[in-house]
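Since the structure comes first, as structure tokens, the remarks are kept for the end.
The values are calculated or read from the model by the stated rules, or taken from the named source; none is laboratory data. Given the structure is predicted, the values throughout are model-derived calculations rather than measurements. Accessible surface areas use protein heavy atoms only, side chains included; no ligands, DNA or RNA. Shrake-Rupley method; radii C 1.70, N 1.55, O 1.52, S 1.80 Å.
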Amino acid sequence: MWSRRLAIGAVLLSLAFLIFRDGPTGHPPPVRAAVAPERIRVPAQPAIVSRAAWHADESIVKEEAQYTGAARAVFIHHTNNGNRYDCDDAPEMLRAVQSDHVNDEGWDDIGYNFVVDRCGTIYEGRAGGTTRPVRGAHTKGFNADTVGIAALGTFTDPATPVPQPMLDAIERIAAWKLRPGTDPRGEVVLVSTNSESLYPKGNSADLQVISGHRDSYGTDCPGDALYAKLPEIRERTAALRRAVSGSPDLLPATTVARKHPAGR
């Protein structure tokens, strides 16, 4: 009887050893939850001179601000002003730009969301609130879900130097305003809303996340000198976002078949 019990005990002990040996040696690694885009950190808002501070003429604004989605792309412009201005004169120059856009172009307000001067000062452009997704009038056919940043000056000549403080300011705005998870070095698919652009209304446009005005409209804006700086702007904007989020591109890229613009 005792020998039978010992034999059964030995079998059970062997089975327990096998189970212990083949079983998991520790807790399984935790599964990381996907990070919601709205929770991805982006750089803080840079210092911005308000419309009140540069004395925007609110009496000529025709309509209240309209709003759109978070910025999926940034369009870079120049204002065609002279380049040798004293930065203290920038507010007066902005008021002239606003007057031109409203009184000559027939727009509701200044078209750009932001303007930067050669000293790197950032100015609030179109009314509606710097922290809100204000729909601008800067890039015909592509004002939805985008931000327009204008460099105060003219950069048509490829030999014209672009001041580094101006570039730094453009990069700070782009890094802050692009929706969370967007890679400034990547591409984005936007749908044209106006056939006067290079893309007929309703056609998709495969554009750089940070593009020049000329990429979607028949113009030389933002000038050859500033346009040549766009690769640098993309890289440095991505670095600013990476510094606070750990990655400039936490959202997957969307790809669709390219539709060529009219005339190309």
**Distant-in-sequence amide H partners of Val74 (H built 1.01 Å from N, under 5 Å)** = Val147, Ile210, Ser211
**Largest to smallest accessible area among Thr193, Thr146, Thr131 [probe 1.4 Å]** = Thr131, Thr193, Thr146
**Item:** Residue-by-residue Karplus 3J(HN,Hα) for region 194-202, coefficients 6.51, -1.76, 1.60, Hz, glycine and proline x
**Value:** 8, 6, 6, 7, 6, 10, x, 3, x
**Message:** Quick one: 3J(HN,Hα) in Hz for region 232-239, Karplus 6.51/-1.76/1.60 with θ = phi - 60°, rounded, Gly and Pro as x.
**Reply:** 5, 4, 4, 5, 6, 5, 4, 5
**Item:** 3J(HN,Hα) from dihedral phi, region 55-64, Karplus parametrisation 6.51/-1.76/1.60, rounded to Hz, x for glycine, proline
**Value:** 6, 4, 7, 6, 6, 9, 5, 8, 9, 5
